[in-house]
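Reviewing the structure listed below.
The values are calculated or read from the model by the stated rules, or taken from the named source; none is laboratory data. None of these values were measured; they are calculated from a predicted model. Here the Cβ positions follow ideal geometry from the backbone for every residue, glycine too, while neighbour counts run over all protein chains shown.
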Amino acid sequence: MSGLAFAQAPPPSVPMRFLATALAWGALAGCWLAWHGDVALLSRWTPATLVLVHLFALGLLGNAMLGSLVQFLPVAAGSPLPCARVVPCVHATFNLGLALLLATLATSSHALAAPAAVLLGGSLALFAALALVAVVRGSGVRVVRDGIGLAVLALMATAMLGLVLLAARTGWRMPAAAGMVDVHAAFGVIGWTMGLLAAVGAVTLPMLQGTRAPPVAAARAWQIGVLLTLCVIAADTAGALPVEAMRLAAWPFAVFAAAVFVLQARAPHRRNAMLRAFWRAGCAALLLAGVLSAWPGAAVVVTGTLVLGVGLPLLVVGMAMEITGFLTWIALRQRVPRGVRVPGVGTLFDEGGKRRALFAHVIAGGLLVSATLVPVLARIAGGTLVLAYAMSLHALWRCWRLSATWQARASG
Ligand code: HEM
């Protein structure tokens, strides 16, 4: 990352709190599954499943992606998030709103729905508005800024549809149109999560994994393809399209994964072996989900678990560990007096910790997907998920603590 980008970056504790919270929600997702067992995986529609989906989608992925945006906007968009002072407050409001949303989904409580909607909707709207200002003002590569902007717009659409669904679920308004859940899910998973990973990945893959940058024409074709796919899904709320056509909507997972495999294989300077391994494992799950979705009769719970519970989490957990090394180094530079030598950025995060975390996540992911087919494994999968996220959180904490240890050493 360039010196300019660091100069514009927020205090490292700000993105750090998003990353740590993300992993804590991941561990809670494991606890939830260990508690409820197969009920959380047998059908899309049980309250236990909806809670598990949002523990992953908003708790783990949401926090990780909002935190990464705070850190990467100066690098990827050439402009920091304006009013960075409010971001800690947005973090607290978002997570409190999420806790209330989960309680509402679990109990269908009418009373909790309104505060959940205000806190969650308000914090996401504020964050999205700030990110869009940064993208418009920015001087970064146009196609990357467009990609981030589109992802943020998809997040706003997801949140608005989510609030309408919540109102329908808790009896505040008429039942939602059939198919609206699919539109909400597609905007959230394909538009926001995949869209943002692809846009930011175009910058971080060369920077952190030593690959070539994806060609601009390919990035544009991807953006147009994702937009068209979302339009088709939105136009199909009435269920006019044949199921076979809707299955093809999973193409972004397979194409994203294939592109990462090709870029990694042709990388001129391979860097950060463990990050590359996290991405290979995550992309293998996404590729499998994309291919399975095209298969007639493939269960949506299996493909959804591969995407939301395994593939995307592996990408963001790998990134969270890599970014933590950078954040700790920035904190060290800020805390330790000038002239005192600090360790290199690549030496701060224990590689053994990353390797153990990857191993635990791959086992937990395998058990989670198996549990969608062999329900008796659900509680074991939940317990293994708790272990994997706890190990990642512990590794993150050990690295971050180094900045305080070095400060004490330098001043003592
Ligand atoms: C303000 C934020 C959000 C709210 C209030 C919200 C609310 C909801 C509600 C109420 C449902 C259940 C609909 C029903 O069956 O009655 C739902 C389903 C779903 N949501 Fe969200 N959501 C939000 C954000 C997101 C995000 C960001 C994602 C993805 C990244 C997401 C992914 C999904 C998925 C995949 C489903 C379908 C669950 C399934 O098929 O089992 N949601 N959401």
Report summary line: Listed by first then second residue, the pairs whose first member lies in region 153-169 and is within 16 Å of Leu58 (Cβ to Cβ) and near the ligand (Cβ under 8 Å from one of its atoms), whose partner is of a type in the set (Val, Ile, Thr) and at pLDDT 95 or above, with beta carbons under 7 Å and at least 6 positions apart or on separate chains, are Leu166/Thr104
Report summary line: Of the candidates Leu292, Leu275, Leu368, Leu306, the one satisfying the condition of being touching a Gly at 6+ places or on another chain (Cβ under 6 Å), closer than 22 Å to Leu42 by Cβ and in a helix (DSSP H, G or I) is Leu368
Requested in this report: Go through region 322-345 and give me each residue that's in contact with a helix residue (DSSP H, G or I) (Cβ under 6 Å, 6 or more places away or on another chain), farther than 24 Å from Ala273 by Cα and charged (D, E, K, R).
Outcome: Arg335
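Can you list the helices (runs of 4 or more DSSP H) found entirely within region 1-88 that contain at least 1 residues being within 16 Å of the ligand (Cβ to nearest atom) and surrounded by fewer than 24 Cβ atoms within 10 Å (Cβ to Cβ)?
Values: elements: 3-8, 13-36, 39-42, 47-54, 63-72.
Here the list reads 13-36, 39-42, 47-54, 63-72.
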Report task. Looking only at region 158-169, decide whether some residue is over 20 Å from Trp45 (Cβ atoms) and either out of contact with any Lys or Arg (no Cβ under 7 Å at 6 or more places or on another chain) or among the hydroxyl-bearing types (Ser, Thr, Tyr) (or both). Result -> yes
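Would you be able to tell me the number of residues in region 120-145 that are crowded, with 23+ Cβ neighbours inside 10 Å and more than 16 Å from the ligand (Cβ to nearest atom)?
Total satisfying the criteria: 3.
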Report task. Could you figure out which of (1) part of a loop (DSSP other than H, G, I, E, B); (2) in contact with a Cys (Cβ under 6 Å, 6 or more places away or on another chain) isn't true of Thr328? Result -> (1)
Query raised in the report: Only one of these conditions is not met by Ala178: (1) without any contact (Cβ under 8 Å) to a residue 12 or more places away in the chain; (2) among the aliphatic types (A, V, I, L, M); (3) within 14 Å of the ligand (Cβ to nearest atom). Which number is it?
Result: (1)
**Report entry** Test: Leu228 is in a helix (DSSP H, G or I), closer than 16 Å to Cys283 by Cα and more than 16 Å from the ligand (Cβ to nearest atom)
**Finding:** no
Report task. Check off (1) closer than 21 Å to Asn63 by Cα; (2) in contact (Cβ under 8 Å) with a residue 24 or more places away in the chain for Leu368 and give me the number that stays unchecked. Result -> (1)
Requested in this report: Please work out which residue is surrounded by the most Cβ atoms within 10 Å (Cβ to Cβ), limiting yourself to region 281-301 and to residues that are within 12 Å of the ligand (Cβ to nearest atom) and within 16 Å of Leu248 (Cα to Cα).
Outcome: Val300
Query raised in the report: In region 89-191, which helices (runs of 4 or more DSSP H) lie fully inside it and hold 1 or more residues that are in contact with a Gly (Cβ under 7 Å, 6 or more places away or on another chain) and over 30 Å from Leu73 (Cα atoms)?
Result: 110-137
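Filter region 205-217 for residues that are out of contact with any helix residue (DSSP H, G or I) (no Cβ under 7 Å at 6 or more places or on another chain) and surrounded by 13 or more Cβ atoms within 10 Å (Cβ to Cβ); which is modelled with the lowest pLDDT?
Only one residue tops the list, namely Met207.
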